[in-house]
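S.K.: I'd like to ask you about the structure that follows.
The values are calculated or read from the model by the stated rules, or taken from the named source; none is laboratory data. A quick note: this is a predicted structure, and the numbers were derived from the prediction, not measured. For neighbour counting, all protein chains shown are included, and Cβ atoms are generated from backbone atoms with ideal geometry for every residue, glycine included. We work out accessible area using only protein heavy atoms, side chains counted, and drop any ligands, DNA or RNA first. Shrake-Rupley method; radii C 1.70, N 1.55, O 1.52, S 1.80 Å.
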Amino acid sequence: MNVVELRDMYFAYNDKVILENINLSVERGEFMALIGPNGSGKSTLVKLVLGLLQPTQGQVLLYGASVNKFNEWYRVGYVPQKAALTSKFPATVKEVVATGRFGRVGLGHRLRQDDWKSIEEALEMVGLISLQHCPLVELSGGQQQRAFIARALASSPDILILDEPQVGLDDRYVYDFYRLLQQLNKEQNITIIMVSHDVGAIGSWVDRIACLNRKLVCQGSPHDILTPYNLNHIYGTDHPAVAGLH
Amino acid sequence: MAMLQYDFMVRALIAGLVIGMLCPALGMFLVIRRYSFMADTIAHISLAGVAIGLWMGVASSVTPLLILVVAVLGALTVDHLRTRTSLSADALLALMMSGGLALAIIFFGLAKGGALDITSYLFGSLMTVNSGDLKLILIVAGIVLLFLVLLYKELYFICSDEESARVSGLPVDRLNRIFIFLVALTVAVSLRVVGTLLVGALMVIPVLASLIIGRSFKQVFYLSLVLGVIATLLGLTASYQFGLAAGGCVVLTALFFFALFYALKQLLTYFKRHNALQKDKQ
């Protein structure tokens, strides 16, 4: 079953076409990376899938339903770019992670014991249970990113959508971060869509790569996609990832 | 306790305490979202309600209701423009604040001989709060607290990360409208107590002071409520004892707490650094 499906989708902003004729589907249990140069429309595509933007033409389907009519948002975990939460925001790790459960609890209802249990499970999954009472701002970049993943996991989602989650991550955390995502994908069967600029590393972790540059340029297994020819075509010859593949 | 012998003082205390709690409770969400000047803007717009009331010659008991209507309309306009235009928060609030004030000045000019009322609404007149004012304050407090209890977690989510709140399925636009409606109600009933020029201060200063020492959202929220109430109590007592303007005393007391917490935090940071350096040397 397709968890996400984009059909003949176009998106324009102020008469400028950002995305054109996108046809893409993601199956249940897949781990897919979306790559492309800056300004290629990756984050826009994520916002369209999440219903934050409306397509100019075409359809966005989530679990077979139009994104406008989809009402089971607790099934979707979202990890935005780190900057989405201001660095001075006064909240503990647990308070931040708890917000991930709000969609499932519903408007005006309080979190119950089993909700707090799910929040603690999410914290445990990312290894932050011992830091749950720390202010988020006191955590390192890698730990903060894990807190945001725990927030997305707190609603017990079926799909995880991450928008350039490695931005600002220290190199030594990147391996642990990918390993955590792979674990979630393989052990809990969570479908993952991840926007990434980390072309060099993602190939060893994901099942499929889709390359975007206003249009869907190509998609397939990392082995088929991460070739010098394709990357030259998308990024140009000067890109370090391309140089590394030569 | 001698001041409690007078009915006007008891009314002033109750009104002050309720406003002292309500203002920071809503101010918390405004400060975090960088809309600290929202209350000031709505207060200046509300002043147009006072002016229109004077110009129309309505009874003084009707004026608070008129202020309420103008405040709510102004607040909803701010919210509409906030979501429909690309104006930055400060630019939008500056626009609306000047517009509201300009409207108030024009209507004050058209109404003759209303100078006394202007002063009481500009600077607040806590000691002249009558039982009608107090009833209105208590009704508004009941409404605001009810919504805050019901929607605390949603408002917290929106002010922490509006985009993620939308993705989780929360009706963010509707909740924003409800929130700004509550701010408008609170500002409107606070005008009589602390005045147009100081209502924003009472919404923001206790929160800023609490942010210095609070380590969690919940801590900062409740601490700012406590500070709001303490500042009001101490401010009113000082005002009664020394014959000073009540609104000014309340806000200055809140500012004192801000300065105190700031100084303590700086001292603590200094000693922590000093100790760390000493350890390094050893």
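S.K.: Answer yes if at least one residue in the range A:65-82 is of a type in the set (S, T, N, Q), open to solvent by 30 Å² or more (accessible area, probe 1.4 Å) and away from chain B (no Cβ under 14 Å), and no otherwise.
M.R.: Within the range A:65-82, one or more residues are of a type in the set (S, T, N, Q), open to solvent by 30 Å² or more (accessible area, probe 1.4 Å) and away from chain B (no Cβ under 14 Å).
S.K.: I've got another one for you. Six or more apart or on different chains, Cβ under 7 Å: which pairs go from a residue in the range A:154-175 that's in contact (Cβ under 8 Å) with a residue 40 or more places away in the chain to one that's surrounded by fewer than 20 Cβ atoms within 10 Å (Cβ to Cβ) and not in a helix (DSSP H, G or I)? Could you list them?
M.R.: Qualifying pairs under 7 Å: A:ASP163/A:GLN81; A:GLU164/A:GLN81; A:GLU164/A:HIS197; A:VAL167/A:GLN81.
S.K.: Give me the residue from the range B:170-185 that is surrounded by 21 or more Cβ atoms within 10 Å (Cβ to Cβ) and within 26 Å of A:GLY100 (Cα to Cα) and, out of that set, farthest from the other protein chains (Cβ to nearest Cβ). Don't jump to the end; show me each part of the working.
M.R.: So in the range B:170-185, the residues surrounded by 21 or more Cβ atoms within 10 Å (Cβ to Cβ) come out as B:170, B:179-180, B:182-185.
Checking which are within 26 Å of A:GLY100 (Cα to Cα) leaves us with B:170, B:179-180, B:182.
Details: B:LEU170: 7, B:PHE179: 14, B:ILE180: 18, B:LEU182: 15 Å.
Looking at the filtered set, the residue picked out is B:ILE180.
S.K.: If A:VAL49 meets every condition in (1) surrounded by 18 or more Cβ atoms within 10 Å (Cβ to Cβ); (2) within 14 Å of chain B (Cβ to nearest Cβ); (3) modelled with pLDDT under 95; (4) closer than 17 Å to A:MET194 by Cβ apart from one, which number is that one?
M.R.: (3)
S.K.: A:ILE119 fails exactly one of the following numbered conditions: (1) within 14 Å of chain B (Cβ to nearest Cβ); (2) in contact with a Lys or Arg (Cβ under 7 Å, 6 or more places away or on another chain); (3) not aromatic (Phe, Trp, Tyr); (4) not in a helix (DSSP H, G or I). What is the number of that condition?
M.R.: Here A:ILE119 meets the rest and fails (4).
S.K.: Here are some residues: A:THR92, A:THR56, A:THR44, A:THR99. Which one is closer than 27 Å to A:ILE209 by Cβ and within 14 Å of chain B (Cβ to nearest Cβ)? Working first, answer last.
M.R.: On the way: A:THR92 fails: closer than 27 Å to A:ILE209 by Cβ; A:THR56 fails: within 14 Å of chain B (Cβ to nearest Cβ); A:THR99 fails: closer than 27 Å to A:ILE209 by Cβ.
That would be A:THR44, the only listed residue that is closer than 27 Å to A:ILE209 by Cβ and within 14 Å of chain B (Cβ to nearest Cβ).
S.K.: Among the residues in the range A:203-220, are any surrounded by fewer than 16 Cβ atoms within 10 Å (Cβ to Cβ), at pLDDT below 85 and of a type outside the set (A, V, I, L, M)?
M.R.: No, that holds for no residue.
S.K.: Please name all residue pairs, on different chains or six or more residues apart, with Cβ atoms under 9 Å, provided the first residue is in the range B:15-43 and is surrounded by fewer than 24 Cβ atoms within 10 Å (Cβ to Cβ) and the second residue is part of a helix (DSSP H, G or I) and of a type in the set (Asp, Glu).
M.R.: Between residues of the range B:15-43 that are surrounded by fewer than 24 Cβ atoms within 10 Å (Cβ to Cβ) and residues that are part of a helix (DSSP H, G or I) and of a type in the set (Asp, Glu), the close pairs are B:ARG33/B:GLU162; B:ARG34/B:ASP90; B:PHE37/B:ASP90.
S.K.: Another question about this same structure. List every residue pair whose Cβ atoms sit under 9 Å apart, with the two residues 6 or more apart in sequence or on different chains, where the first one lies in the range B:219-234 and is charged (D, E, K, R) and the second, anywhere, is in a helix (DSSP H, G or I).
M.R.: Between residues of the range B:219-234 that are charged (D, E, K, R) and residues that are in a helix (DSSP H, G or I), there is no close pair.
S.K.: Consider A:LEU61 carefully, then state whether it is in a loop (DSSP other than H, G, I, E, B) and under 18 Å from the mean Cα position of the chain (by Cα). Full working, then the answer.
M.R.: Numbers: in a loop (DSSP other than H, G, I, E, B): no; under 18 Å from the mean Cα position of the chain (by Cα): yes.
No; evaluated as a whole, the condition is false for this residue.
S.K.: Kindly indicate whether B:THR63 is within 27 Å of B:LEU150 (Cβ to Cβ) and at pLDDT below 85.
M.R.: Working: within 27 Å of B:LEU150 (Cβ to Cβ): no; at pLDDT below 85: yes.
Criteria not met by B:THR63.
S.K.: Which numbered condition in (1) out of contact with any Leu (no Cβ under 8 Å at 6 or more places or on another chain); (2) open to solvent by 10 Å² or more (accessible area, probe 1.4 Å); (3) part of a helix (DSSP H, G or I); (4) not aliphatic (A, V, I, L, M) is the only one that A:GLY103 fails?
M.R.: (1)
S.K.: Follow-up question, since we're still on this one. Would you tally the residues in the range B:68-91 being part of a helix (DSSP H, G or I), surrounded by fewer than 19 Cβ atoms within 10 Å (Cβ to Cβ) and among the hydrophobic types (A, V, I, L, M, F, W, C)?
M.R.: Total meeting the criteria: 6.
S.K.: Give me a count of the residues in the range B:209-248 that are over 27 Å from B:SER120 (Cα atoms) and assigned to a helix (DSSP H, G or I).
M.R.: First, the residues of the range B:209-248 that are over 27 Å from B:SER120 (Cα atoms): B:209-223.
The next check asks that each one be assigned to a helix (DSSP H, G or I); those that pass are B:209-213, B:217-223.
So the count comes out to 12.
S.K.: Somewhere in the range B:141-156, is a residue away from every other protein chain (no Cβ under 14 Å) and β-branched (Val, Ile, Thr)? Lay out the reasoning, then the answer.
M.R.: Of all residues in the range B:141-156, those away from every other protein chain (no Cβ under 14 Å) come to B:141-145.
Then keep just the ones that are β-branched (Val, Ile, Thr); that gives B:143-144.
Looking for residues that are away from every other protein chain (no Cβ under 14 Å) and β-branched (Val, Ile, Thr), one finds at least one in the range B:141-156, hence yes.
S.K.: Same structure again: Condition first: modelled with pLDDT under 80, open to solvent by 40 Å² or more (accessible area, probe 1.4 Å) and of a type outside the set (S, T, N, Q). Now tell me which residues in the range A:221-246 satisfy that.
M.R.: Listed by number, the residues that qualify are A:HIS233, A:TYR235, A:ASP238, A:HIS239, A:PRO240, A:ALA243, A:GLY244, A:LEU245, A:HIS246.
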